[in-house]
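One structure is given here, and the rest of the page talks about it.
The values are calculated or read from the model by the stated rules, or taken from the named source; none is laboratory data. These numbers come from a predicted model, not from an experiment. A quick note on method: Cβ atoms are made from the backbone with ideal geometry, for glycine too, and the neighbour counts reach across all protein chains shown.
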């Protein structure tokens, strides 16, 4: 399986994603934002970081960058696009995913382990995954998911809510919501479920010496589903 | 403008220093030249008050590749890998403008590390604030934490450890010390020494603006009521540009075109160009019209003294300019050939086709003033005779809960949750532990690192305090199973022109040196911050020690959280019950006098090395060093982290239980072991002549101390967890 990780100036989780993808068997390539095209891929990843410094609005400049046209074409033709953290912010800026990621409710950067519940397994990302709840890691200042009522209705109607913040037993309560996101949303799909944007970082949780290895379930499952 | 004595004094120079400048030049300097002298001769850049004392430090060792004198120190961690590291202060700017002050402190220290060719892999910080009740403290703390996070998070370097304290002596002068570790192949280290004549001098990075002019002079002055007027001397950080600069520099360094490289830190273009030329025994010629400027009509004076951030100066091999420019174009950074190396041994500056400055380099560097300032010894205070009857009314568990919730003991999660501590995917021990631990990417090795300082002990007796803080650093590294290799120090003191403050400095350095020699734990880099004084009130002497240790097989790393109920708890090292200057004496008995605990370097070394033997034999389930708050606080912190209970019984030693549990004797650790390993552990301890006490067991959730009423571990967790959060957010 071939994957491509797009590097924007200011991306900083690109190497971590590269390490994770390769560990689980992807043939990964790094693609610079100014490259004319993306090599043939089964999966495109927009990694975390601070693309273009995030000085305007998180992900907004990356959302207008040269390479992003190819990403949008790839996504519109049904290709798998995964955006983590800043990558999720970029996906909402391009319009590939609805809504926006606002500053965290408590106006602080938050770096900690969280639990998320998998809400929909009818897709390439989570089909056959052995777990209902994953312990992942968040590290962001703008992860407070927000959208209009219409968009929320559409997300619900089309089963687009991918993962939600919860406790270790899967209870989705406001107290387990780290950033104020609507309905505890940690990640959403596009309508066709080929695009996934989420704030938590599975790539930081891929061996037992890190504070969790639940990222393994995510990547192992993803590559199986793509075979 | 003609330069005179008054202008020189306004630049922070002393009258006799101005006379010396005129003598050395054999003429009066022009304004640009005076600016250059003031930048090079201030305390921050010249170390004029500290140099003769720093020379005595133990800086050599088998693992030392580069000691003090370069952008950062370098140590060997085997297999061609080396760690580049340094700590630096950004105290003065952070007090004036906490966000930018702290942010640029972090940016500056990272630049020092990647200038040498290393990719930063971990950041730490040691931050000290005034009393929580002081009206400025909350905003300063909030700004500093946001600034540190804002810069480090954007760079994508994990902040893996730190230290925070509150003390009223920092009311008018907070301390912000930032440390960075970088990883480099030991055969590919870059230095600042220029070599060769007619080599192009290249400017890369951000454009030069008017920010930070005289920053280094400001950092060499005491504060008064006009402090807010100094805001324009604080630099403004741009972590995004620094991230690009990091990647671009590392890309250029992969080739062979760089002769020398130096970041523009304090005193900007002035000190970077002079340092490169001075080390190479060369001259340097710069055309200031070529310097990329952010603002219009900047004068040579402003260009030379700007402390705009995210800039580097490079001496390149001839003919490599085009290739190098390509890399910086890719990263959208400025690249300009601004001059060349010469054989004149002078710095010569040109602007609008006129020569605007000409100064022999040796006058600026080697001939800079050096002072052997007067200093006063601090006598060891008399031991306090506590009325032991006072203790009788106290309950251990009640005192313990109170201690766990004190500002200086309570959890600092509110702070470190705002720092990205997991990016790069190799953080295997997070903040809130004895040390932060990061794996050396792609190997079985890991590096442990911590920052420590103990101003209370240093204030009571600087010589002992200096020794103690090195030992504490050593213990923190041992506790996670690493072998301590070397240290960096950030020496934060008051006004060196006062004999008392100068004495504190001299004796702390002596203490650091003594411990560093005995433990074979050399100092490889560091920085001095004097004049931490406002309206005649100085800070407590606060040397901060940043330590680095190596774990050869990270699978053997030890953590501090208690693991399994039924396991045994041992105190390693002898407990004499030293209460003076302890958290217990100061906060519970309101007694601030007395000597700090004695440091016995032999025991320190022997106990530490024996703990490492136990860890290497896989006999230790958890370990933690005993520091502030004594044995009981140490065990409680292990229990809180492991969400376990414990049962302790004071051994039959003669001292009373408060002295035993709360005393802050040095050289001690708590370890958790399995009952089946007891005899093995005992044998190793006895063979190595290490004193130990068996004091109890790990329990499921109950905390039982000497048959006092049982409390639940959640009570201790609550006591410890919320002070800072409540203070900041409620």
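Observations
- Checklist (1) part of a helix (DSSP H, G or I); (2) touching a helix residue (DSSP H, G or I) at 6+ places or on another chain (Cβ under 8 Å) applied to residue B:682, failing item: (2)
- Screening the candidates B:463, B:400, B:404 for the property of being touching a helix residue (DSSP H, G or I) at 6+ places or on another chain (Cβ under 6 Å) and surrounded by fewer than 24 Cβ atoms within 10 Å (Cβ to Cβ) yields one hit, B:463.
- Tallying residues that are part of a strand (DSSP E or B) and out of contact with any helix residue (DSSP H, G or I) (no Cβ under 9 Å at 6 or more places or on another chain) within segment B:491-525 yields 1.
- Qualifying residue in segment B:125-146 (condition: under 18 Å from residue B:246 (Cα atoms) and either in contact (Cβ under 8 Å) with a residue 24 or more places away in the chain or out of contact with any helix residue (DSSP H, G or I) (no Cβ under 9 Å at 6 or more places or on another chain) (or both)): no
- Residue selected from segment B:223-238 under the condition modelled with pLDDT of 85 or more and surrounded by fewer than 24 Cβ atoms within 10 Å (Cβ to Cβ), by the criterion nearest to the other protein chains (Cβ to nearest Cβ): B:238
- Qualifying residue in segment B:215-222 (condition: crowded, with 24+ Cβ neighbours inside 10 Å and modelled with pLDDT of 90 or more): no
- The requirement of being on the phi < 0 side of the Ramachandran plot and either at pLDDT below 95 or not in a helix (DSSP H, G or I) (or both) is fulfilled somewhere in segment B:458-474, by at least one residue.
- Residue in segment B:543-561 that is crowded, with 21+ Cβ neighbours inside 10 Å, more than 14 Å from chain A (Cβ to nearest Cβ), modelled with pLDDT of 95 or more and farther than 30 Å from residue B:183 by Cβ present: no
- Scanning segment B:322-336 for residues that are touching a helix residue (DSSP H, G or I) at 6+ places or on another chain (Cβ under 8 Å) and either at positive phi or surrounded by fewer than 16 Cβ atoms within 10 Å (Cβ to Cβ) (or both) gives B:330, B:332.
- Positions within segment A:36-56 being more than 14 Å from chain B (Cβ to nearest Cβ) and touching a helix residue (DSSP H, G or I) at 6+ places or on another chain (Cβ under 9 Å), in sequence order: A:36, A:37, A:38, A:41, A:42, A:43, A:44, A:45, A:46
- All positions within segment A:103-129 that are away from chain B (no Cβ under 12 Å), surrounded by fewer than 18 Cβ atoms within 10 Å (Cβ to Cβ) and farther than 26 Å from residue A:79 by Cβ: A:103
- Search result, residues across segment A:11-35 that are touching a residue at least 60 places away in the same chain (Cβ under 8 Å) and within 11 Å of another protein chain (Cβ to nearest Cβ): A:11, A:13, A:16, A:17, A:19, A:20, A:23
- Sole residue being within 14 Å of chain A (Cβ to nearest Cβ) and either surrounded by fewer than 21 Cβ atoms within 10 Å (Cβ to Cβ) or closer than 26 Å to residue B:728 by Cα (or both), chosen from B:427, B:443: B:443
- Options B:413, B:417, B:366: the member that is at pLDDT 95 or above, surrounded by fewer than 19 Cβ atoms within 10 Å (Cβ to Cβ) and either within 14 Å of chain A (Cβ to nearest Cβ) or touching a helix residue (DSSP H, G or I) at 6+ places or on another chain (Cβ under 9 Å) (or both): B:413
- Entirely in segment B:91-191, the strands (runs of 3 or more DSSP E) that have 2 or more residues that are more than 17 Å from the chain's Cα centre (by Cα): B:175-185
- For segment B:564-585, the count of residues that are part of a loop (DSSP other than H, G, I, E, B), at positive phi, within 27 Å of the chain's Cα centre (by Cα) and more than 14 Å from every other protein chain (Cβ to nearest Cβ) is at least one.
- Selection within segment B:430-440: residues that are under 16 Å from residue B:545 (Cα atoms) and at pLDDT 95 or above. The member of this set that is nearest to the other protein chains (Cβ to nearest Cβ) is B:436.
- Checked against the criterion of being modelled with pLDDT under 95, surrounded by fewer than 22 Cβ atoms within 10 Å (Cβ to Cβ) and assigned to a loop (DSSP other than H, G, I, E, B), segment B:256-265 contains one or more residues that satisfy it.
- Subset tally (residues that are within 30 Å of residue B:148 (Cβ to Cβ), part of a helix (DSSP H, G or I) and touching a strand residue (DSSP E or B) at 6+ places or on another chain (Cβ under 8 Å)) for segment A:132-187: 2
- Residue B:608 at positive phi and crowded, with 18+ Cβ neighbours inside 10 Å: no
- Counted residues, segment B:689-728 - those being free of Cβ contacts under 8 Å to residues at least 60 places away in the same chain and not in a loop (DSSP other than H, G, I, E, B): 5
- Some residue of segment A:75-85 being farther than 19 Å from residue A:124 by Cβ and within 12 Å of chain B (Cβ to nearest Cβ): yes
- Some residue of segment A:192-206 being within 19 Å of residue A:13 (Cα to Cα) and surrounded by fewer than 19 Cβ atoms within 10 Å (Cβ to Cβ): no
- Filtered residues of segment B:651-670 (kept if closer than 13 Å to residue B:691 by Cα and not in a loop (DSSP other than H, G, I, E, B)): B:669, B:670
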